[in-house]
């Protein structure tokens, strides 16, 4: 058995069935060994998308996503995907080939210091120096990626290590890392304080972030909220934690969120932040929140607590455990005045945006699309105006809403949707992107055709990089620079070139029936929607 | 506010760059950083002198503690700890003023470790106030070069001993 066989064996032991990758000489021993297993390798068309696909896969399965690339440019191409996963705490194990270990540091062909380059975007990284280390490193990597605050782990393996014989392969039963022991159980004294504050509060509010979904605590959140009738708002990453038609859900906060969600934030006297970073896009001035509000911040990462805003009650631990512990005590409370107050705000909400007729209204389209989608469908939003519209008008049911929140990486939706569909082929998976983000990853259409991963793609075409155009309209008085997408291809021909059925929606007329046929189609499908080039988010 | 932080870290390759990289990308200050092996060769002791307001210092501790190579992190508080730094001074001085410089060195218990016709090298060990006071006295002379090691520190007494194994 050689090192490459050992890596593959470790992947099997971790229950990996699918990986996404791109070969090169330095990772060839690995891709040779993988042929002897049942693990399926999906060949992407650019390494960045291997990481995005692994991210989509991880977010649907709840398991660690795996991507594999070669040394040098293969590895550096991965970085954006790794950074995207890191910003959203998605568990990945990224394996890169590396040049011969004796040549490290001498700038030979396709050498890049990938552990150094990716350092600030990984939870941890390894450069394998001895073949005997492989089982321990693989075990640790999967453990680190999937526990505590999840995130990507990078393993860089020189080609000579992959080819070296390993004696006595034994996969460790458990990890023994004294320095890495994430806190999972909330502190009992702190938890008691939550219930005390809840009994005292008049206007409590839960702010749910992506951590709720990552820790698998969606049901627990809903139970907790319903039990005491506590209203819930969410961050972008928390979309989907509560169904849109739940009377206790008051939408996404932030400068692109619902105004009633932000009003609820401002007026609440007890804010329970769960698995959210309190980042700049969600809360423009974090100081505003905490002034006279009792702030409870629950997160598995102690460094997030107090980073942007000082909490009254910090609780470190896994959200699922914390909900379970909180449920042990019962608090008498009645917040019906508060929720009816918020309901009045919700009724007053008016869309400020005034779409021109003659084009597809993306907000109407997204609402209709998500209502018609299967209950458990996966909706992958890209980045740009399409993301803002998706966040505002996606109707969450029991499915999943995936997007690149922290990093805002354009081109995320198609590869992530491929990963999601691969993870659960029976589920409906729809990628929604703009004409800019589509062109950033349209090369992956070949991946989905080659591996028979039939995702459905919506392209909002407005001929502009719309979100930047809107920003330049507001900030630079309409002096547009670098946002005109003239020269884009005819999407019907692109679809035809790949053999993907295609349809075009020119305006709102017939929207419903076209969405129906789009969703009903068996294989992949591309639907282009023609938008007003001057359409805005706000 | 200045704070002295002591880390015990796994002696893995790249550990120092992981720690210094964290400081630079998050915009934390490093006044000085020293690293050396402990009695157990698997571990390195790192002493970092950093500065910032209370919130920043708290973030520094939390972010450093998150690094997987870090086994132990603690603050070396001034009253409870001993700090030492070693400094080498090369002073341009001829025979005429040499004797007065030697007198200053005696008072500070500094050692003269090298001497040429027109310069001497002085070795001084001490805490920050002592070193600053010495530098002030040297201002009357021509300091050619200074090499400082940065602070090493230990907590006093047997209580603060970090158990590692």
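The values are calculated or read from the model by the stated rules, or taken from the named source; none is laboratory data. Bear in mind that the values here come from a model prediction, so they are computed numbers and not experimental data. Cβ placement follows ideal geometry from the backbone for every residue including glycine, while neighbour counts extend to all protein chains displayed.
Counting the residues of region B:61-89 that are closer than 30 Å to residue B:121 by Cα, touching a helix residue (DSSP H, G or I) at 6+ places or on another chain (Cβ under 8 Å) and touching a residue at least 60 places away in the same chain (Cβ under 8 Å) gives 3.
Here's the yes/no breakdown for (1) in a loop (DSSP other than H, G, I, E, B); (2) touching a strand residue (DSSP E or B) at 6+ places or on another chain (Cβ under 8 Å); (3) within 14 Å of chain B (Cβ to nearest Cβ); (4) modelled with pLDDT of 95 or more:
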site	(1), (2), (3), (4)
A:144	no, yes, yes, yes
A:150	yes, no, yes, yes
A:160	no, no, no, yes
A:174	yes, no, no, no
A:177	yes, no, yes, no
A:182	yes, no, yes, no
A:191	no, yes, no, no
A:195	no, no, no, no
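Taking the numbered list (1) closer than 20 Å to residue A:212 by Cβ; (2) in contact with a helix residue (DSSP H, G or I) (Cβ under 7 Å, 6 or more places away or on another chain); (3) in a loop (DSSP other than H, G, I, E, B) in turn, residue A:311 passes all entries but (2). Within region A:249-260, the set of residues being in contact with a strand residue (DSSP E or B) (Cβ under 7 Å, 6 or more places away or on another chain) and more than 16 Å from residue A:274 (Cα to Cα) comprises A:257, A:258, A:260.
What number of residues in region A:505-538 are part of a loop (DSSP other than H, G, I, E, B), under 25 Å from the mean Cα position of the chain (by Cα) and either in the same structural domain as residue A:469 (by TED's automatic domain parsing) or surrounded by fewer than 17 Cβ atoms within 10 Å (Cβ to Cβ) (or both)?
Here is the first cut: in region A:505-538, the ones part of a loop (DSSP other than H, G, I, E, B) are A:506-510, A:521-524, A:531-538.
Now narrow it down to the ones that are under 25 Å from the mean Cα position of the chain (by Cα): A:523-524, A:536-538.
Pick out the ones that are also either in the same structural domain as residue A:469 (by TED's automatic domain parsing) or surrounded by fewer than 17 Cβ atoms within 10 Å (Cβ to Cβ) (or both) and you get A:523-524, A:538.
Counting residues in region A:505-538 that are part of a loop (DSSP other than H, G, I, E, B), under 25 Å from the mean Cα position of the chain (by Cα) and either in the same structural domain as residue A:469 (by TED's automatic domain parsing) or surrounded by fewer than 17 Cβ atoms within 10 Å (Cβ to Cβ) (or both) gives 3.
For region A:210-250, give me the residue count where each residue is closer than 24 Å to residue A:467 by Cα and in contact (Cβ under 8 Å) with a residue 60 or more places away in the chain. Don't jump to the end; show me each part of the working.
If we filter region A:210-250 for residues that are closer than 24 Å to residue A:467 by Cα, which is where we start, we get A:210, A:234-240.
Next, only the ones that are in contact (Cβ under 8 Å) with a residue 60 or more places away in the chain stay: A:210, A:235-237, A:239-240.
Residues meeting the conditions: 6.
Restricting region A:98-126 to residues that are buried (at least 22 other Cβ atoms within 10 Å of the Cβ) and over 27 Å from the mean Cα position of the chain (by Cα), which is farthest from residue A:407 (Cα to Cα)? Per the stated criteria, the residue is A:99.
For region A:257-266, the criterion of being in a strand (DSSP E or B) and within 26 Å of residue B:62 (Cβ to Cβ) is met by none of the residues. Residues considered: A:302, A:286. Of these, the only one that is modelled with pLDDT of 85 or more and either within 14 Å of another protein chain (Cβ to nearest Cβ) or surrounded by fewer than 16 Cβ atoms within 10 Å (Cβ to Cβ) (or both) is A:302.
Identify, from the list B:34, B:38, the residue that is farther than 20 Å from residue B:128 by Cβ, more than 14 Å from chain A (Cβ to nearest Cβ) and surrounded by 14 or more Cβ atoms within 10 Å (Cβ to Cβ). Steps first, answer last, please.
Details: B:34 fails: farther than 20 Å from residue B:128 by Cβ.
On inspection, the qualifying residue turns out to be B:38.
Considering each of A:63, A:139 in turn, give the residue that is touching a residue at least 24 places away in the same chain (Cβ under 8 Å), within 22 Å of residue A:182 (Cα to Cα), more than 12 Å from chain B (Cβ to nearest Cβ) and in a helix (DSSP H, G or I).
Values: A:63 fails: in a helix (DSSP H, G or I).
Every option except A:139 fails the conditions.
Taking (1) out of contact with any strand residue (DSSP E or B) (no Cβ under 9 Å at 6 or more places or on another chain); (2) farther than 30 Å from residue A:399 by Cα in turn, residue A:29 satisfies each apart from (1). Considering every residue within region B:1-16, establish whether at least one is in the same structural domain as residue B:71 (by TED's automatic domain parsing), at pLDDT 90 or above, in a helix (DSSP H, G or I) and surrounded by 14 or more Cβ atoms within 10 Å (Cβ to Cβ). The answer is yes; a qualifying residue exists.
Condition check for residue A:360 on (1) crowded, with 21+ Cβ neighbours inside 10 Å; (2) farther than 24 Å from residue A:249 by Cβ; (3) at pLDDT below 95: one failure, at (3).
Of the numbered criteria (1) more than 20 Å from residue A:466 (Cβ to Cβ); (2) in contact with a helix residue (DSSP H, G or I) (Cβ under 9 Å, 6 or more places away or on another chain); (3) modelled with pLDDT under 95, the one residue A:522 fails is (2).
For residue A:221, are the conditions met, namely being farther than 30 Å from residue B:69 by Cα and in a helix (DSSP H, G or I)?
Numbers: farther than 30 Å from residue B:69 by Cα: yes; in a helix (DSSP H, G or I): yes.
Yes, satisfied.
Among the residues of region B:41-60, just one is farther than 20 Å from residue A:309 by Cα, more than 12 Å from chain A (Cβ to nearest Cβ) and either part of a loop (DSSP other than H, G, I, E, B) or free of Cβ contacts under 8 Å to residues at least 12 places away in the same chain (or both), namely B:41.
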